[in-house]
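Scroll down for the structure; my scribbles are underneath it.
Please treat every number below as a calculation from the coordinates, not as lab data. Quantities reported herein were computed from a predicted structural model and do not represent experimental measurements. Positions of Cβ are generated from backbone atoms using ideal geometry, with glycine treated the same way; all protein chains shown enter the neighbour counts.
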Amino acid sequence: MAITNVLLFGATQGCGLETLLHLLKSDKPYTATVMARSPDAFQKTLEERDAGLAASLKLSNRLNVLRGDALNCDDVSCAFTSAQKRFGDIDAVLFGIGGRLVFSRNPFAQPALSPSSVCERSIRILTDALIALKQPEQPRLVVISSNGLAKQGYSLLPYLMRPLYAFLLHAPHDDKERMESHLHALAGWPRDDFNPLHREQLEIPPKIKHLAIVRPALLVNGVAIGHVRAEEMLRHGYTIRRSDVGLFIYNSLLGGPQDRGQYVGKAVTVAY
């Protein structure tokens with residue numbers, strides 16, 4: 001699948017933003033549609049990250065920024081329509097939505113997630129729009145999740161990281177587990193932790209046809225190193241920089257120089 005036209009949700013910061021920057025800086029003629037709750041704030045972020053890129057005249061022909069909320073069905077549907085009208089058939093969709101931790105005054109209380117269930121709720125809206133999309137081939141769907149999910153994922157974590165994940169990241173991981181369960185069911189992936197169905201019980205053909213899930217290790221900031229490990233059953237994954245997650249997604253999942261479709265149909269953990 002040749003990928004040049006990408007629709008991005010959750011690309012105003014974090015791993016999604018890092019991916020977008022690689023797309024826009026590429027020699028390949030990518031076009032990108034980004035949905036942002038505040039386009040002005042997103043423009044300021046672009047200027048802070050790369051003033052030359054943000055001021056480029058060419059960027060206006062390659063980047064389409066829409067005001068919208070990933071939890072609003074109409075906004076998400078309009079994003080798909082706008083991306084198609086502006087640049088043609090959509091080749092890939094990147095989902096990088098996430099919430100923020102909210103800490104209580106009680107030091108023994110686990111942090112909450114705000115907005116609550118943001119990944120599960122927004123992915124359901126997105127997949128409804130994706131399934132309803134009218135074009136010859138369904139776009140590839142790349143979803144940023146997290147490592148350490150469910151029993152199997154937790155068992156692969158380094159022992160030193162397990163208390164951190166169990167306490168600090170309980171709420172966002174619970175949300176991402178429900179998100180992945182929804183995706184696994186739509187894609188027809190039989191996984192004991194997320195979709196414990198026998199193959200004969202799965203819906204054929206799957207409603208989501210080209211799914212790839214990326215599960216980063218604990219995210220940190222910094223300049224990309226350019227070398228990561230990516231495996232379905234990756235052990236001893238401590239951290240990874242957001243910039244390297246973005247580089248991996250661009251290189252290996254969105255038509256970059258290393259994309260041979262090798263991660264489509266898989267959920268891979270990425271770490272150093």
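Restricting to DSSP H runs of at least four residues, report the calculated mean residue ellipticity at 222 nm for the chain, -39500 (n - 2.57) per run over all residues, nearest 500 deg cm²/dmol.
Value at 222 nm, helices only: -11000 deg cm²/dmol.
Identify which of Leu24, Leu186, Leu53 has the largest mean-square fluctuation in a Gaussian network model of the chain, with springs joining Cα atoms closer than 10 Å.
Leu53
Share of antiparallel DSSP beta bridges in the chain, in percent to the nearest 5?
Of those bridges, close to 20 percent are antiparallel.
Identify which of Pro163, Pro29, Pro139 has the largest mean-square fluctuation in a Gaussian network model of the chain, with springs joining Cα atoms closer than 10 Å.
Result for the chain, Cα springs under 10 Å: Pro163 fluctuates most.
Among Phe167, Phe42, Phe87, whose mean-square fluctuation peaks in a Gaussian network model of the chain (Cα, cutoff 10 Å)?
Of Phe167, Phe42, Phe87, the most mobile in the Gaussian network model is Phe167.
Report the relative contact order of the chain, percent, no decimals, based on alpha-carbon pairs under 8 angstrom and at least 6 residues apart.
19
If you take log10 I(q)/I(0) by the Debye sum over Cα atoms at q = 0.07 Å⁻¹ from the coordinates, which of (i) -0.23; (ii) -0.28; (iii) -0.39 do you get?
(i)
Where the only charges are on Cβ atoms (+1 Lys, Arg; -1 Asp, Glu), what is the dipole of the stretch 4-90 about its Cα centre, to the nearest 20 debye?
240
Let me spell out the model: positive unit charges on the Cβ of Lys and Arg, negative unit charges on the Cβ of Asp and Glu, origin at the Cα centre of the stretch 5-271. What dipole size does that give, in debye rounded to 20?
260
Please enumerate, by chain and number, the lysines with C-alpha under 25 Å from the C-alpha of Lys151, excluding those fewer than 8 residues away in the same chain.
Lys176, Lys266
Find how much the distance from Gln135 to Ala2 grows on full extension, using 0.36 nm per residue of separation minus their present alpha carbon separation; answer in nm with one decimal.
That works out to 46.4 nm of additional length.
If you count, for each residue, the other Cβ atoms within 10 Å and average over each peptide, how do 99-107, 261-269, 241-249 line up from highest to lowest?
241-249, 261-269, 99-107
Cross-link partners among lysines for Lys85, C-alpha distance below 28 Å, same-chain residues fewer than 8 apart left out?
Cα-Cα hits under 28 Å: Lys25, Lys28, Lys44, Lys58, Lys134, Lys207, Lys209.
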